[in-house]
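Below: the structure, in structure tokens.
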Amino acid sequence: MTCSSVFVNRIDSSLLEPDYNEIFRYMGYGLKDRTELDDEVRKMVYQIVPEFQKILCPQGVYVFYPLKIENENLIFNGNQLKSCQLSRFLSECSAICLFAATIGPQADLQTRKMQKIAPVKAVIMQATGAMFIEKYCDALCCQIEKEAAEDGLKIKNRFSPGYGDVPLENQKMFFHLLDCKKIGLTLTDSLMMAPEKSVTAFVGCYKNINLS
């Protein structure tokens, strides 16, 4: 895989299937706790989620590069990233995909607005936004998987900066290599992304030896 063009992906938010169990989990309710969930709060969740979904704008940018791994260093497109964990995780990979994804600014705006007038609803919106950005990342990875398959490659699970021994400082690499402004995504001096419900991640691509 030699492609280094940056691709843009946008989908309608209605294509993302809400996962209410995940929303409750993000709200702090484990499986055992959900029987004690207040009926009024539960009702609020089922009322808020469909309306919240309508304001979302799921979109992402991604790029593929050939990958070499030498002495725990990942080398791609002239960049070098040292990570024991990531180099082991991607040890069989010959290419790497970097992506940035967001569900848009309206999620943040509505949640902040609700924090001032209805804190419980704001908590629900925070949890809903967290669920939907993960749902969109799953959908984006499905697209990445399809494109990798065209080159006879399979993909690994995504791995984001800030996890394991991959410093959050590597966010800067994503914003250097990806045209994140195309999806309205910016990076603050403290390495936080805006909109808040956004994700960057590495996706390793490796040879599918089961091809017939």
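The values are calculated or read from the model by the stated rules, or taken from the named source; none is laboratory data. Bear in mind that the values here come from a model prediction, so they are computed numbers and not experimental data. Here Cβ is always computed from backbone atoms with ideal geometry, including for glycine, and neighbour counts include all displayed protein chains. Heavy atoms of the whole protein, side chains included, go into the accessibility calculation; ligands, DNA and RNA do not. Shrake-Rupley method; radii C 1.70, N 1.55, O 1.52, S 1.80 Å.
Relative to the longest principal axis of the Cα atoms of the chain, the long axis of helix 39-54 makes an angle of roughly 50 degrees.
Residues whose amide H lies under 5 Å from that of Leu74, counting only those 5 or more places away or on a different chain, are Leu81, Lys82, Ser83; hydrogens are built 1.01 Å from N in the peptide plane. The computed mean projected area of the Cα convex hull in nm² for the structure shown corresponds, within (1) 20.7; (2) 28.0; (3) 13.5, to (3).
Work out, step by step, the length gained on full extension between Asp12 and Ser190: first 0.36 nm times the residue separation, then minus their alpha carbon distance; give nm to one decimal.
61.0 nm
Cross-link reach is defined here as a Cα-Cα straight distance under 22 Å, omitting same-chain residues fewer than 8 places apart; for Lys154 the lysines meeting it are Lys68, Lys135, Lys146, Lys207. Once the dipole of the chain is set up with Lys and Arg at +1 and Asp and Glu at -1 on Cβ about the Cα centre, which of Val123, Ser198, Gly184 lies farthest towards its positive end? Farthest towards the positive pole: Gly184. Classified by the C-alpha gyration tensor, the range 102-151 has a prolate form. Its axis ratio a/c, with a ≥ b ≥ c, is 1.5 or above, and a/b is larger than b/c. In this structure the range 135-204 gives 49 Å² per residue of accessible area when probed at 1.4 Å with all protein chains present. Of Ala107, Ala118, Ala201, the residue with the greatest mean-square motion in the GNM of the chain, using alpha carbon springs below 10 Å, is Ala118. Among Gly162, Gly28, Gly129, the residue with the largest mean-square fluctuation in a Gaussian network model of the chain, with springs joining Cα atoms closer than 10 Å, is Gly28. Comparing mean-square fluctuations of Asp38, Asp108, Asp151 from a GNM of the chain with C-alpha springs under 10 Å, the top value falls on Asp38.
Sorting the segments 90-102, 50-62 by their mean number of nearby beta carbons within 10 angstrom, highest to lowest, gives 90-102, 50-62. For the range 34-69 and the range 100-159, what is the centre-to-centre distance using only Cα atoms, to the nearest Å? Value for the Cα centre distance between the two parts: 6 Å.
Taking the protein heavy atoms of the range 1-119 in the context of the full set of protein chains, the accessible area attributed to carbon and sulfur is 48 percent at 1.4 Å. Excluding same-chain neighbours fewer than eight residues apart, the aspartates and glutamates reachable from Lys82 by a Cα-Cα span under 20 Å are Glu70, Glu72, Glu92, Asp165, Glu169.
The P(r) of the range 149-201 has a tail past 13 Å containing 63 percent of all C-alpha pairs.
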